[in-house]
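The values are calculated or read from the model by the stated rules, or taken from the named source; none is laboratory data. Here the structure is a predicted model, which is why all the values come from computation and not from measurement. Don't worry about glycine lacking a Cβ; one is built from the backbone with ideal geometry, like all the others, and counts go over all protein chains shown. The protein model used for the area step is the full one, side chains on, heavy atoms only, and it has no ligands, DNA or RNA in it. Shrake-Rupley method; radii C 1.70, N 1.55, O 1.52, S 1.80 Å.
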Amino acid sequence: MSSEHVARALAGYDRSRLTLASIGSHSALEVAYGARAQGLRNLVVTATGREQTYARHFAVAPHPVPRGCVEETLELASFSEILGDDVQREMLSRNVLFVPNRSFEVYLRQRYEYDEIERRMLVPFFGNRHLLRAEERPATGAAQSDESDQYALLRQAGIRHPRQLSSPDEIEGLVMVKAPHARVSFERAFFVASSPQAYRETSARLIQDGILTEEGLASAIIEEYALGPSVNLNFFYSPVLGELELCGTDTRRQTNLEGFRNLPPQTFLAARDVPMRLEEAGHIAATLLESMLEPAFAMGERFVAAAREAQPPGVIGPFALQCVIAAGPPKELICYDVSLRIPGSPGTRYTPYSAYRWGRDVSVGERIAMEIVMARDTDRLEDVLT
């Protein structure tokens, strides 16, 4: 959406009734909570069969005591219907500013290409809608990608990421293989290997078990496995303040990796043929040593600069660099994934970094609402919307 389209949408909005909206999954409750905390309205777009969380369990109810955070819901038969003309008109009539989350991207990408999503979504985005595609990564053996790919952005920013192999024959040490899941279209299947033979044996077993397909394996990403604890650096770039801040840090809980970690040693042999799954199950807070904060901020600032050059206006609002802290000396942050929208963890407020900056704990959802309020009150909404 061009700046002219944003200006046209805003011209019809009642700026005293701005409504933050998101897809009812991933981080919708966080957005709804943040909007209410800053005096904005909120709307959650739900899919039939998945509406109770928002329409019932966390719905605003004033009596007998105030509770809940979701003010309104808009139920669709499926999330992909959000691009329908009637739904777009409805959201425009409600003064909606849309906050994209991972589920928005995942569910719509099952039906639409990025160009079509960007073109048909008439509601202004908080953030840079053209950067969502940068979460994609080239398949193993693919030609080097352009600036729309996260690895290209990381290279341009001078941020170390796991080295990608072009063929299983290049495996000489521990690698992670990431391929499309055979049965769950929006999930990936993962396995580790340390040699070409191990790669072939494990992939053959996963194909036999129906977890992988030959076609999916052909497009798999093979990259070095960085050993160390993982940490998500959840940043926020503010165009209004012209500053980068660290909202918080967390790490993932994933199935069935958590189960492997908890196995008693005497059961290792029995579990050796169980395929590893890294499906999201939740997040937990994880702080950094203060000595790691300066290199973390340096990474974030380089990424902001690279994104601005590659896809103006660059990063707006939240993004995350998902890293492994590799052993030193000195310890090193290796970025293995990038999230260019609101992160999935509401627990970032339970790390101390937002309070160090704002004097109190500020969640990512509230920080988004704060930015919108600051932009509205200084007549700079166009600077935070695309």
Picked from segment 1-37 (must be under 25 Å from Pro312 (Cα atoms) and among the charged types (D, E, K, R)), the residue modelled with the highest pLDDT is Arg8
Taking strands (runs of 3 or more DSSP E) that do not extend beyond segment 211-277, which have at least 1 residues that are in contact with a Leu (Cβ under 8 Å, 6 or more places away or on another chain) and within 17 Å of Glu201 (Cα to Cα)? 221-224
If we keep only residues of segment 60-87 that are open to solvent by less than 30 Å² (accessible area, probe 1.4 Å) and free of Cβ contacts under 8 Å to residues at least 12 places away in the same chain, then the residue farthest from Ala35 (Cα to Cα) is Gly84
Selection from segment 47-59 of residues that are in contact with a Leu (Cβ under 8 Å, 6 or more places away or on another chain) and either of a type in the set (D, E, K, R) or surrounded by 14 or more Cβ atoms within 10 Å (Cβ to Cβ) (or both): Ala47, Thr53, Tyr54, Phe58
Looking for whichever is open to solvent by 20 Å² or more (accessible area, probe 1.4 Å) and under 15 Å from Arg129 (Cβ atoms) here; the options are Arg111, Arg102. Which one fits? Arg102
Looking only at segment 260-275, decide whether some residue is in contact with a Gly (Cβ under 9 Å, 6 or more places away or on another chain), under 19 Å from Gln322 (Cα atoms), open to solvent by less than 50 Å² (accessible area, probe 1.4 Å) and of a type outside the set (Lys, Arg). no
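Can you tell me which residue in segment 24-46 is most open to solvent (accessible area, probe 1.4 Å), limited to those that are part of a strand (DSSP E or B) and closer than 23 Å to Val362 by Cβ?
Of the residues in segment 24-46, the ones part of a strand (DSSP E or B) are 41-46.
If we keep only those that are closer than 23 Å to Val362 by Cβ too, we end up with 41-44.
Numbers: Arg41: 77, Asn42: 1, Leu43: 2, Val44: 2 Å².
Out of the qualifying residues, it is Arg41.
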Considering each residue of segment 336-355, count those that are assigned to a loop (DSSP other than H, G, I, E, B) and buried (at least 20 other Cβ atoms within 10 Å of the Cβ), and give that number. 7
Quick one: count up the residues across segment 163-197 that are open to solvent by less than 40 Å² (accessible area, probe 1.4 Å) and outside any loop (DSSP other than H, G, I, E, B). 12
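When you scan segment 248-258, do you find a residue that is out of contact with any Lys or Arg (no Cβ under 9 Å at 6 or more places or on another chain) and hydrophobic (A, V, I, L, M, F, W, C), even just one? Steps first, please.
Taking segment 248-258 and keeping what is out of contact with any Lys or Arg (no Cβ under 9 Å at 6 or more places or on another chain), we get 249-253, 258.
Filter once more, so that each one left must be hydrophobic (A, V, I, L, M, F, W, C): none.
Looking for residues that are out of contact with any Lys or Arg (no Cβ under 9 Å at 6 or more places or on another chain) and hydrophobic (A, V, I, L, M, F, W, C), one finds none in segment 248-258, hence no.
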Return the pair list, or none, for Cβ contacts closer than 6 Å from residues in segment 97-113 that are more than 13 Å from Ser339 (Cβ to Cβ) to residues that are in a helix (DSSP H, G or I) and of a type in the set (Val, Ile, Thr), at least 6 apart or on different chains. Val99/Val31; Leu108/Ile117
Name the single residue that is farthest from the chain's Cα centre (by Cα) among those in segment 65-88 being assigned to a helix (DSSP H, G or I) and hydrophobic (A, V, I, L, M, F, W, C). Val87
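Mind checking whether some residue in segment 199-214 is closer than 30 Å to Phe297 by Cβ and open to solvent by less than 20 Å² (accessible area, probe 1.4 Å)?
No, the conditions are met nowhere in segment 199-214.
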Go through segment 316-331 and report how many residues are modelled with pLDDT under 95 and in contact with a Ser or Thr (Cβ under 6 Å, 6 or more places away or on another chain). 0
